[in-house]
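Bear in mind that the values in this text are calculations on the coordinates, not laboratory data. These figures come from a predicted structure and were not determined experimentally. No Cβ is skipped: glycine too gets one built from the backbone with ideal geometry, and neighbour counts run over all protein chains shown.
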Amino acid sequence: MAEEQDSLFQCLIDHAEYDFAGGAFLHELDPETKKLIIADHPKASDQSFICSEHLVKYRLQKLDKMIQEDKKKNKQIHQKMHRVLDNDNYKIIDVGKKLENTYTLGQKIADGVAHFGGSWPFVISFVAIMLGWIIINVTHVFGANFDPFPFILLNLFLSMVAAIQAPLIMMAQNRASDYDRMESKNDYHVNLKSEEEIRLLHAKVDHLIQQDQPNSMQIQKMQMEMLASINEQLALLTKEEDATDNLKK
């Protein structure tokens, strides 16, 4: 190793001679940097030597390539997200408010009848009316006897109420079905839009984890290697200056 450090090696770029600390062999470099060097110098081999000055240029080229690829990938993800948002022209609507604005007077009356017919006040008041009707006609209060037993007139009124109430309730149920159908369609579009946005966010996060973070670590590693190379060169220059000063003395 000591003999290797004392020897001089020819740089494959400028063909000048440098000592061992003034550069590196291609087999010591990472594959990407090595690939860039071989692309410019096809005759280079693993044992070829490259000086630190030219090695820095190739490392900077690699950094620029990594940065450009990251920018390109991020740009693609942003363009895809904007394209999805722009193409989705469906507007989220308030289903209840939209249906209320389209109600006619008859539909409002039907909803009111259906709402009242399915409540306890209707049941209590209806039972009270029937009991009052029966008591009046059985006991002949105030001499009234307009519907004697078996209360045929009461049965007629009950049949009329049921006949009128049934279609009104069905009308209200049909509008409830329309509401549920519109609500389901609205929820479908909301879920579809949210799913697409979440998928794009996952792609962005995966890109950050799988590519940006490793690239950042690799860039830091290359920076440390470049600083170490610079420190070695400074140490050699200092050593040579000290040797020169000693010879002068």
### Scattering profile of the stretch 96-201 at q = 0.10, 0.16, 0.21 Å⁻¹ [log10 I(q)/I(0), Debye over alpha-carbon scatterers]
-0.52, -0.85, -1.09
### Query
What list of ³J(HN,Hα) couplings, whole Hz, do you get for the stretch 39-51 from phi and the Karplus terms 6.51, -1.76, 1.60, once you set θ to phi - 60° and write x for glycine and proline?
4, 7, 9, x, 7, 5, 10, 5, 8, 5, 10, 10, 6
### Task
Name the residue farthest towards the positive end of the dipole of the stretch 46-177 from the options Trp120, Ile67, Phe142, assuming +1 on Cβ of Lys and Arg, -1 on Cβ of Asp and Glu, about the Cα centre.
Ile67
### Query
In the structure displayed, which of Lys35/Lys73; Lys65/Lys193; Lys43/Lys65 lie more than 27 Å apart, Cα to Cα?
Lys65/Lys193
### Message
Applying a 10 Å radius around every beta-carbon, put 13-23, 128-138 in order of their mean neighbour count, most first.
### Response
13-23, 128-138
### Summary
Taking the alpha-carbon centre of each part, the distance from the stretch 119-188 to the stretch 6-66 in Å is 96 Å
